[in-house]
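The values are calculated or read from the model by the stated rules, or taken from the named source; none is laboratory data. In this text the structure is predicted, and so the values were computed from the model without any measurement. A quick note on method: Cβ atoms are made from the backbone with ideal geometry, for glycine too, and the neighbour counts reach across all protein chains shown.
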Amino acid sequence: MGRGIEIREAHFPGRAPVDAYGNGGFRFAEMSHRGSLLCLPSGIYGWNVASPSDLTEKALEALFAEADDIEVCLIGSGSDLVPINKALRERFRAAFIQADSMSTGAAVRTYNVLLAENRAVAAALLAV
């Protein structure tokens, strides 16, 4: 019997700079992705988060699972800077991760610089 189309979770198994963002998605590693991204030491994942109000500990559980390999997490909150809520700030602090919220564009640029410096960086990037 033939198999139908298999839909898998979007995942790039490596670290790569983000080449472009906008129009609801991102370009990286000669690929494009529509929607938000979670960039972790284990790879780049499609992320089902659409707005800053969706930024919860549950939405970031994959990031916290890799906390030992992350020093800095950049949160690209869309077109505007949206501060990290208190509960999430405390969760980052408990995991010994410095979390900084900024617009997605600023987060992409900062992520690329820290990645080039081989820093232990992660990014949670909302599509714009």
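May I ask you to verify whether residue 90 is in contact with a Leu (Cβ under 9 Å, 6 or more places away or on another chain) and among the charged types (D, E, K, R)? Against the criterion (in contact with a Leu (Cβ under 9 Å, 6 or more places away or on another chain) and among the charged types (D, E, K, R)), residue 90 does not qualify. Scanning the stretch 99-111 turns up one or more residues that are under 12 Å from the mean Cα position of the chain (by Cα), among the β-branched types (Val, Ile, Thr), outside any loop (DSSP other than H, G, I, E, B) and surrounded by 12 or more Cβ atoms within 10 Å (Cβ to Cβ).
For the residues 88, 74, the requirement of being of a type outside the set (Gly, Ala, Ser), closer than 20 Å to residue 18 by Cα, touching a residue at least 24 places away in the same chain (Cβ under 8 Å) and surrounded by 12 or more Cβ atoms within 10 Å (Cβ to Cβ) singles out 74. Please name all residue pairs, on different chains or six or more residues apart, with Cβ atoms under 8 Å, provided the first residue is in the stretch 97-115 and is over 15 Å from residue 78 (Cβ atoms) and modelled with pLDDT of 95 or more and the second residue is surrounded by fewer than 17 Cβ atoms within 10 Å (Cβ to Cβ) and of a type in the set (Asp, Glu). Between residues of the stretch 97-115 that are over 15 Å from residue 78 (Cβ atoms) and modelled with pLDDT of 95 or more and residues that are surrounded by fewer than 17 Cβ atoms within 10 Å (Cβ to Cβ) and of a type in the set (Asp, Glu), the close pairs are 97/71; 98/71; 110/100.
Restricted to the stretch 19-71, and to residues there that are of a type in the set (Phe, Trp, Tyr) and in a strand (DSSP E or B), the residue that is surrounded by the fewest Cβ atoms within 10 Å (Cβ to Cβ) is 45.
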